[in-house]
1. Find the centroid of the Cα atoms in region 50-91 and in region 122-157, then give the distance between the two in whole Å.
2. For the Cα atoms of the chain, what angle does the longest principal axis make with the long axis of helix 455-467, in degrees from 0 to 90, nearest 10?
3. For region 328-368 and region 402-422, what is the separation of their Cα centres, given in Å?
4. Using Cα atoms only, what is the angle between the long axis of helix 334-344 and the major principal axis of the chain, expressed in degrees (0 to 90) to the nearest 10?
5. Okay, helix-only estimate at 222 nm for the chain: each DSSP H run of n ≥ 4 adds -39500 (n - 2.57), divide by all residues, round to 500 deg cm²/dmol; what do you get?
6. Tell me whether region 96-170 comes out rounded, prolate or oblate; compute the Cα gyration tensor, take square roots of the eigenvalues as a ≥ b ≥ c, and use a/c under 1.5 as the rounded threshold.
7. Would you mind calculating the gained length between Asn443 and Asn214 on full extension (0.36 nm times residue separation, minus the Cα-Cα distance), in nm to one decimal?
8. Please go through region 166-236 and write out the GluC sites (Glu not before Pro) that DSSP classes as loop and that have at most 16 other C-beta atoms within 10 Å.
Amino acid sequence: MITSKTTLNLLKTHFGYSSFRPQQESIINDILSGKDVMTIMPTGGGKSICFQLPALALSGTTIVISPLIALMKDQVDSLLANGISASYYNSSQESYIQNETLKNLQAGELKLLYVAPESLQNLIPHFESIKISLIAVDEAHCISSWGHDFRPAYTKLGHLKKQFPNTSIAAFTATADSATQQDIVTQLNIPEAEVHLSSFDRKNLYLEVRPGNNRIDQILKYLDSRPDESGIIYCLSRKSTEKLASKLNSTGFKAKAYHAGLSADERSSIQEDFINDRTPIIAATIAFGMGIDKSNVRWVIHYNMPKNIEGYYQEIGRGGRDGLPADNLLFYSYADVVMLRKFAKGSSNEEYQIAKLERMQQFAEALSCRRIALLNYFGEHFTENCGNCDICTSPPNYFDGTILTKKVCSAVTRLEEQEATGMVIDVLRGAQNAQVLEKGYQNIKTYGTVKDTSWVDLQQYVIQMINQGILEIRFHENGRLVLTPLAKKVLFKDKKVQLAILPKLEDKIEEKVITSKAPSNLFQKLRELRLVIAKEEKVPAYIIFSDASLKDME
Ligand code: ADP
Ligand code: MG
């Protein structure tokens, strides 16, 4: 019988830590009681201990599936340094070393064996004669064919549960939106897995989004009130990092550009200077940040919009590691969206990337608490306004949107959570198009219950419901909309919903025309184009143009 005293003892004696971090103990207890486990914990949260400690407590060998050879080696080295017998097996090793490992495995001498997914099939016959205590799948998001880190060999892991039905499988990841979490559980065949979701909330980070016109001037002003503070400006292109760094230097700030085009030596010296406060400001591409552990980064600016919310979260997460307040500013411009769409074009998972990009755009356009939108994206059902974002500090005007929200939620229910936003809107508006009629949706009860709201407005309201964590998009499954626990509270427990009053589209356009310096006939043409798009194509009808974005678009 393994008691909590035993696990704490193991933590102290083998790893040298005096207490568990949040979640670690309950994850370990679930594994020790034989359950399958799915853990989503931010990077640096302490996932390794969650399978290394059970490996010590249980009899037999724990198999750890790990995607990176360098990562395996690091972990095995530190286990060995702690006196724990561990080894790794992958295709880069010489065969005499592999044989040595197999011999130790057969002799029952290994508490942990790290394996690359590609090498697993070769090893399985060797597992039959030994006792496997646990199978841990690290970086489990690699199993999802939609993710950017997809590894085909991970998809073979689905067989493990069948081959070893009595062995716990424990999956770990730091980057999984709630749709990917579902996908991991399904693909590993562990439907009963206990899900442990650590909080992704970083309360000390202030979240702000601004329109991207005159970005450089805005940045200079922003930094004027933050002299000597350390910060990072993320840009999409190498050229922008250089341009920004030189602009900052010429206005009296100390900044350097960082991107993958620099030599390894240059890059490491820039990192050093940043970490040691010799260069307080870095203008960088997303190449900057991995493995940089600097506690006093006081602000992070996104000069361009990141391509998805995962990236945004990762990058803002580099601020305020010391727990003190840090500010995040994201510039949002239509030109960035155009550029990011171009990047996504032609990739094997283009549709998925575009869906993720649109979700990022919806976050940027949010009309309710940004932290609620962010955390719900990661499957964390956070519902209290945070008070530490631009929307909370200056909210728009809201109306009681409970009835509208109930109508949308019941349409989603009637459609059995199988349809994407577009179809849900069509059904609510009583559309007569072929897709609706072929599926017989004109006969369902919610058909045509929101006739008096325009397609585009209704779409904006649905986006608000997604941002508020009432609805969720399943990206891997044709973007179908599903209800969250909060939606059920709205439907059945009289939970009230505040929706923001939408700015009138025409007002918005007029305003831009008046403030712009570009020739008015150009705006007239864009305006007509916008109306065509809005009415015919049913896509968001906001064309947000500014002087800067037009310059970028040229
Ligand atoms: P993850 O895999 O979640 O990114 P790691 O397992 O690599 O994180 O752990 C991150 C760091 O936290 C490591 O340096 C690890 O030794 C440390 N750590 C883990 N658990 C504890 C704990 N209970 N107390 C103190 N430090 C811990
Ligand atoms: Mg890890």
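1. 14
2. The two axes meet at around 30 degrees.
3. Here the two parts' Cα centres lie 25 Å apart.
4. Between helix and principal axis, roughly 40 degrees.
5. Mean residue ellipticity, 222 nm, calculated: -12000 deg cm²/dmol.
6. prolate
7. Using 0.36 nm per residue and subtracting the Cα-Cα distance, I get 77.3 nm.
8. Glu192, Glu229
The values are calculated or read from the model by the stated rules, or taken from the named source; none is laboratory data. Note that the structure is a prediction, hence the values are computed from the model and not measured. Note: ideal-geometry Cβ built from the backbone for every residue, glycine included; neighbour counts use all protein chains shown. Note: accessible area is taken over every heavy atom of the protein model, side chains too, but ligands, DNA and RNA are not part of it. Shrake-Rupley method; radii C 1.70, N 1.55, O 1.52, S 1.80 Å.
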